[in-house]
Amino acid sequence: MKKRHRRQFLKTSLGATLFADLQSFLPISQAVASDVELERGLVRFGPDMDSLVKLIERTPREKCIPVFMDQFTSGLSYRRFLAALFLAAARTGDLHQLAQVYAAHRTSSSVRIEERLLPLFWVLDRIKKGQEHKDSSTHFLQAAKGTLPKPSEAVDVFQTAMLNSDQAQAELAALSLARSEGPRHAMYRLWEFASRNLAGTLGHMPIGIANAWRTLDAIGWNHAEPALRYMATEISRFPGDRTYAPNLERVQASITMLPPGWTSHESSRQAALSLYDLLRAGDAQTACNYICSALTSGSAQAGAMWDGISLAAADTIFRYGIGGSAIGGVLVHAVTSTNALRFGFGVVREPATKLLHLLQAASVTADYFVSQAREDGQLRDMNLIEDLDEAEASIGDSYEDVFELLPPKADNRDQQSPAERAASDAASRMAFGLLRDADSDLAFLQTARSFLVRKATEDPHDLKYPAACFEDASLVSPKWRPYLLASSVHALHGTRSESSPLLIQARDAIR
């Protein structure tokens, strides 16, 4: 995959995602005057959070681990540390910094208890690195400028601003909605537009909302306004990609014909494979028409369609010709973006938005990731389903053997020789042979995560990709789980990756 798309996006993206009180999910009937008056100066997080964020910002990078180990000894909780990391990440102005906090939390909640803090120390170090290269304050931590729309007018202003790419009005309207409906309801409205431009952003708009939402659920929604303002501004500035308008038309044509139960997780092998074949061929138009036909006829439900999309995203990684950063830095977005859209599909209630997310997920897989890989001449004559079906585990094989086969993985490291890609292929086949035992997937996940918390580099995708991929494996029909997990090894760390000095230092300090 070509790297220019990611770099171009990163240069124009200013992340800032925070969180708000869970009680604000309940809407209030009317905003009082003080709620819509703009405050002056920096947005504050409360004395307890301010002190922790300042400690993160002011502590030299090389002293962060001992300083925060002292904080834990003095009673700092996991949740407050996670909250402070998220707030400090907002000040770096980097969307990846914010998105990685959820990925680290997801990893932390699944590793051994003695490893639980390592992913958070990894986030802390990446934040400090980001602060070395950027100003520690951003527009989205400042008070908004302008007049908030009246609560009675905010919805219309918001919709108009989003459609007209009016970033300033989108931000103010979102802020007004947060203070009248509650921040969670206000952020909910962004899902309608989250899938509008996927190819031009590598899917970072739904990734941003999904990871912000999930982190807010974990920490609390009492500081959601900066996140909401950031996401409203970012999403509003991107026009629809080339698949968006045709998919809107498909939604309008199909929505009244959808039968009850079309959103069911029920899977169908035939339907999933039919969609998989269309997507891996790069035929977005036929794939989207098939989705609409299958759903409106009742011959398949959404669960089968998501299975097909997840398999096609995994297949693109499986058969890509060059390993290393081409997969780990770019192609993994085929998984992280569709994972975020599936999360949004589960959050929203409106059938039209659900269907649009499904169609856009299929479209970005086929029209961008598969087609771009073919244009680069990097799609090998391989098939995730057919090739792995022939794989068998040998007596004595273990997951330790799988990760021993993997070539070294490092930030911005390109594949050194064709033998490295062949080694990843062998590891994938061995993993699949072992994963045929339905009870062994937990051992695979534990082994993979154990390497992550020792080997993770400064690349944010080291944790973002596994968090999304492993979640997808838990959502697809059980028969497809081994295929997704076996494909994942192409972007995971193994024995030959260098251990992270930072993570080793943190592990030793925890002991």
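Bear in mind these aren't lab numbers, they're just calculated from the coordinates by the rules spelled out. The model shown is predicted, which means the values in this text are computed figures rather than measured ones. Glycine also receives a Cβ, built like all others from the backbone with ideal geometry; neighbour counts cover every protein chain displayed.
Give me the extension gain from residue 400 to residue 450: residue separation times 0.36 nm, minus the current Cα-Cα distance, reported in nm with one decimal.
16.9 nm is the gain from fully extending residue 400 to residue 450.
At 20 °C and a viscosity of 1.002 mPa s, what translational diffusion coefficient does Stokes-Einstein give for the range 315-459, taking Rh as the Kirkwood radius over Cα pairs? Give it in µm²/s as a whole number.
After rounding, the answer is 126 µm²/s.
P(r) tail for the range 384-503, what percent of Cα pairs lie past 22 Å?
30
Please list 294-307, 154-167 highest first by mean number of surrounding beta-carbon atoms within 10 Å per residue.
The most tightly packed comes first, giving 294-307, 154-167.
Would you list the P(r) distribution for the chain, with all Cα-Cα distances sorted into 20 Å bins from 0 and each bin expressed as a whole %?
24, 56, 20, 0
Taking just the alpha carbons, could you work out the radius of gyration and Dmax for the range 244-375, both in angstroms?
Reported Rg and Dmax, both Å: 14.1, 46.
Taking the range 349-428, which GluC sites (Glu not before Pro) meet the DSSP loop condition and have no more than 16 other C-beta atoms within 10 Å?
Those that pass, being in a loop and sparsely packed, are 390, 392.
What Kirkwood Rh does the range 107-211 have if only Cα atoms enter the pairwise 1/r average? Answer in Å.
Averaging 1/r across every pair of different Cα atoms and inverting gives 16.5 Å.
Please state, as a whole number in µm²/s, the translational diffusion coefficient that the Stokes-Einstein equation yields for the range 332-392 at 25 °C and 0.890 mPa s, with Rh defined as the Kirkwood radius across alpha carbon pairs.
After rounding, the answer is 184 µm²/s.
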